[in-house]
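Shown next, in structure tokens, is the structure this report addresses.
The values are calculated or read from the model by the stated rules, or taken from the named source; none is laboratory data. No experiment lies behind these values; they were computed from the predicted model shown. Glycine gets a Cβ as well: all are built from the backbone with ideal geometry, and neighbour counts include every protein chain shown.
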Amino acid sequence: MAKKRILRKLILRGCAAGSAALFLMMGPMMVYADPDIDDVRQERDETQEELDEVNATLEELAAEQEDVEAQIEEVSDALTQVMAEIEVLEGEIGDKEAEIAVSQAQLEEAEQRALDQYEAMKIRIRYMYEEGEYNYAMILMQAESYADMLTKADYIEQLYEYDRNMLARYQETVQEVADRKAALEEEREELLGLEADREEEQAYMEDVIAELKEVSDDYASEIRVAQAQAAEYARQIREQNAEIKRLEEEARRRAEEEARRRAEEERRRAEEEARRKAEEEARRLAEEAARKQAEEEARRMAEEAAQQAAETARREAEEQEQRASEEARTTAENSVAESRETGTITTTSSATYDISSIYAANGGDTGKAIAAFACQFIGNPYVAGGTSLTNGADCSGFVFSVYKEFGYKVPRTSYALRSAGKEVSGIDAAQPGDVVCYPGHVAIYIGNGMIVHASTERSGIKISRVNYRQYTTIRRII
């Protein structure tokens with residue numbers, strides 16, 4: 001039944017395997033135009049969903065292949081036992097054949113003894129009766145007395161009785177030996193039947209193992225196809241991420257260029273205005289004072305105007321950056337505002353986590369908001385060198401991006417984070433939002449002895465206990 005179930009699954013997946021092969025042939029033909037960045041992000045998300053489905057299929061195939069391998073091992077163990085039983089039966093059959101040979105020799109010996117006894121008895125009877133009743137009477141007449149005659153008659157009767165008893169005993173012995181030989185022959189036939197049954201069972205098990213190995217090989221082939229499909233999806237995601245990065249970089253460059261152009265125009269207008277005013281002032285002063293004094297005054301006023309315009313532009317840039325940071329912090333805090341009331345947070349993969357312990361812990365509201373915000377991305381992937389909270393980040397990239405959403409600039413590497421902010425005396429003094437540093441790794445403390453961190457490529461972003469390994473220091477950024 002298990003073999004039929006496995007074969008049905010392989011047949012149902014045949015079409016999927018064919019589609020995967022067609023996809024791999026057409027995959028290199030896909031090209032990108034210059035789409036809008038939102039379109040590329042949507043394509044990237046759709047590709048990620050397809051990759052997740054392929055990975056889920058890979059896990060299912062691996063589990064089913066492991067089940068088949070377990071069945072192979074189970075049948076192999078049973079086959080080993082059957083072969084051992086066959087070997088034992090062969091030994092028992094040899095023993096029975098040896099016993100049958102012994103019984104055959106005993107039977108022949110007993111039959112010969114019975115025959116010898118029978119021949120001896122016939123000789124005595126022939127001797128006794130070859131002269132008829134005369135010899136028998138002569139034996140009795142030769143008796144010296146009546147008692148002697150009775151004794152001789154009794155002797156003759158005892159002689160006959162002895163011959164009959166011995167012959168009967170030998171015949172019984174012959175029958176017993178014959179019965180024992182027949183029983184041994186029957187036992188031998190039973191052992192031969194058991195051996196034939198075990199050999200048939202061995203052949204069946206060997207056929208089952210061969211079929212299971214063929215099914216396992218089919219699973220391995222399908223896994224290779226799915227792995228190739230997953231690799232192709234991963235390649236597309238990398239290309240799409242690169243395209244998104246390129247479009248983002250172009251948008252950033254355009255924004256910077258526009259800002260520089262506007263700043264330059266403002267500077268030129270300011271300088272032009274300052275120059276114009278300086279010239280007017282110079283002309284006015286020239287009328288009132290000497291030419292040299294007027295020119296000096298005009299130059300000074302122009303420099304002051306230029307400095308003032310530059311200072312104004314700098315202040316505006318700082319104010320714009322501060323407003324952007326405040327807006328980012330407000331957006332991040334709003335995204336977790338409801339979690340304070342419900343005590344739960346919904347991740348970007350639609351899973352729900354209990355984070356009531358974050359708000360029950362000691363510490364400030366901003367640190368708790370940072371800890372709750374970080375929990376939104378549980379289940380997202382770990383990507384070495386990445387800083388994307390949704391598409392993948394490493395440990396320090398995860399901490400860097402979470403704090404960035406709240407307008408804080410922290411170091412990008414786990415090594416530099418060891419000296420960021422100020423040191424916390426120990427885990428008992430830690431508060432939600434603090435950064436826990438380990439050798440070569442960092443995490444965000446969420447209270448109740450727990451952390452959230454981008455762990456490994458295998459487990460991604462997840463929650464762990466703070467003491468799952470020895471930490472080196474705890475840093476408070478806020």
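Inside region 423-452, can you point out the residues that are surrounded by fewer than 24 Cβ atoms within 10 Å (Cβ to Cβ) and touching a Cys at 6+ places or on another chain (Cβ under 7 Å)? Matches in region 423-452: His441 only. When we screen Asp207, Asp218 for residues that are part of a helix (DSSP H, G or I) and surrounded by fewer than 16 Cβ atoms within 10 Å (Cβ to Cβ), the only hit is Asp207. A single member of Gln71, Gln42 is touching a residue at least 24 places away in the same chain (Cβ under 8 Å) and polar (S, T, N, Q), and it is Gln71. Only one entry in Gln236, Gln229, Gln293 is in a helix (DSSP H, G or I), modelled with pLDDT under 85 and either more than 60 Å from the chain's Cα centre (by Cα) or in the same structural domain as Asp38 (by TED's automatic domain parsing) (or both), namely Gln293. The condition (being under 60 Å from the mean Cα position of the chain (by Cα), within 22 Å of Arg314 (Cβ to Cβ) and either of a type in the set (Gly, Ala, Ser) or part of a loop (DSSP other than H, G, I, E, B) (or both)) is satisfied by just one residue among Ala274, Ala270, Ala255, Ala251: Ala255. Has region 201-216 got any residue that is over 33 Å from the mean Cα position of the chain (by Cα) and among the charged types (D, E, K, R)? Taking every residue of region 201-216 in turn, at least one turns out to be over 33 Å from the mean Cα position of the chain (by Cα) and among the charged types (D, E, K, R). Those residues that are assigned to a loop (DSSP other than H, G, I, E, B) and either touching a Gly at 6+ places or on another chain (Cβ under 8 Å) or under 15 Å from Thr366 (Cβ atoms) (or both), I need them from region 410-420; list them, please. Passing the criteria: Val410, Arg412.
Within the bounds of region 247-260, is there any residue that is surrounded by 15 or more Cβ atoms within 10 Å (Cβ to Cβ) and either modelled with pLDDT of 80 or more or touching a Ser or Thr at 6+ places or on another chain (Cβ under 6 Å) (or both)? Yes - at least one qualifying residue is present in region 247-260. Screening region 341-399 for residues that are at pLDDT 95 or above, among the aromatic types (Phe, Trp, Tyr) and not in a loop (DSSP other than H, G, I, E, B) and picking the one that is surrounded by the most Cβ atoms within 10 Å (Cβ to Cβ) gives Phe398.
Among the residues making up region 187-230, those that are of a type in the set (D, E, K, R), in contact (Cβ under 8 Å) with a residue 24 or more places away in the chain and within 27 Å of Glu50 (Cβ to Cβ) are Asp218, Glu222. Within region 432-457, the set of residues being touching a residue at least 40 places away in the same chain (Cβ under 8 Å) and not in a strand (DSSP E or B) comprises Pro432, Gly433, Asp434, Asn448, Glu457.
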